[in-house]
Every structure is written in C-alpha cells, then in structure tokens.
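S.K.: Mind having a look at this structure? Questions to follow.
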Amino acid sequence: MTTELPDYFFRVRENGAFVFRVDTENRHRRIEMDQIAVINIKNGEVKAHGDRDLSEEDRAAIDDWIEERKATLAARDIDDILRTVDHLNLTAHWAQTRASDGDLEAVTDALLLAMHDLRSVLVRKKADRMMKGD
C-alpha cells in the first residue's frame, strides 16, 4: 500500500460517480473525504455538490476520470460479447453431448428466437457497413 493517497476519490454508481476530495492534511491526520460533485456518465453532466464551485483542478480530474471510465466500460462491453461467443460455443457442445430431451425442450425456443434476432441485427449491420465501404 502506498503512503500517498490520491487527491480525489470516485465512488462509482450505476450511471457515474460521486466525487470526493481526499484530505489528510488536517490536525488529526485522519482521512477526510468531502463530496464535491456528482457525475452522470450517460449524459455527461457534472453537478457540483451543494453550493460548491469546482476549481479548474477539480474539473480536470473529473474530466480525466470520465474519459478513463468510458474506456473501461467500452472494454468491458467487448469482453462481455466475447464471453457470449464462448457461452454460445459451450451451449452448442452441451446441446450436442449432454442435454436431455427435457433440457432441450426447456431452452430451444428461447435460444432459437434470441439467435434469430441476433443474426438479423448482425446481418443488417454488416450490410450497412459494406454499403458504406462502396
């Protein structure tokens, strides 16, 4: 563990984060966290907490965090999709080797509809990309 703490702490929430300024330079040498803002990643809104005014340093740290967070979330999206590909492959193997007739009856319609929907979207999007390339 490092001895120096960051100047800001971002408590992640579903749509963004609460932003705290970290203070260890007080007379008790305790860690104090003072909420300074709320971030909404989806609409890009940053609201100062209470009657605070955000400094340029505050705003720069928040903007940096927003960019890093968006990159993290985008990477997670791709990873989730690649995991889905793995799950589809595992599901195919399960259906072929271990699934009983009852198991297949329980999942076949839902899987076929979901796969049909996904295939339709992927084919349409690929055609759109190919048309743009012409």
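S.K.: Which length gain, in nm to one decimal place, applies between residue 77 and residue 94 when the Cα-Cα distance is subtracted from 0.36 nm times their residue separation?
M.R.: My answer for the length gained is 3.6 nm.
S.K.: With charges only on Cβ, +1 for K and R and -1 for D and E, what is the dipole size of segment 35-79 about its Cα centre, in debye, rounded to 20?
M.R.: Roughly 260 debye, rounded to the nearest 20.
S.K.: Where the Cα atoms of segment 57-134 are projected onto their three principal axes, how long is each span, largest first, in whole Å?
M.R.: Taking the Cα atoms of segment 57-134, the three principal extents are 63, 36, 17 Å.
S.K.: Spelling out what I want: for every residue of segment 112-121, take phi, set θ = phi - 60°, compute 6.51 cos²θ - 1.76 cosθ + 1.60 (Karplus), and round to whole Hz; glycine and proline get x.
M.R.: 4, 5, 4, 5, 5, 4, 4, 4, 4, 5
S.K.: Here's another thing I want to ask about it. Using the structure shown, select from 47/70; 47/132; 42/126 the pairs with a Cα to Cα distance greater than 29 angstrom.
M.R.: From 47/70; 47/132; 42/126, over 29 Å: 47/132.
S.K.: Still on this structure: Points 7 angstrom from Cα along the Cβ direction at residue 27 and residue 114: gap in nanometres?
M.R.: Between residue 27 and residue 114, the label points sit 6.1 nm apart.
S.K.: Tell me which trypsin sites (Lys or Arg not before Pro) from segment 14-74 have a DSSP coil assignment and no more than 16 other beta carbons within 10 Å of their own.
M.R.: Working: sites: 21, 27, 29, 30, 42, 47, 52, 59, 69, 70; in loops: 27, 29, 30, 42, 52.
Answer by residue number: 27, 29, 30, 42, 52.
S.K.: Once you have the Cα-Cα distance between residue 132 and residue 86, take 0.36 nm times their residue separation minus that, and quote the gain in nm to one decimal.
M.R.: 13.6 nm
No lab work stands behind these numbers, since they all come straight from the coordinates. Remember, predicted model here, so these are calculated numbers, not experimental data. Using ideal geometry, Cβ is built from the backbone for each residue, glycine included, and neighbour counts are taken over all protein chains shown.
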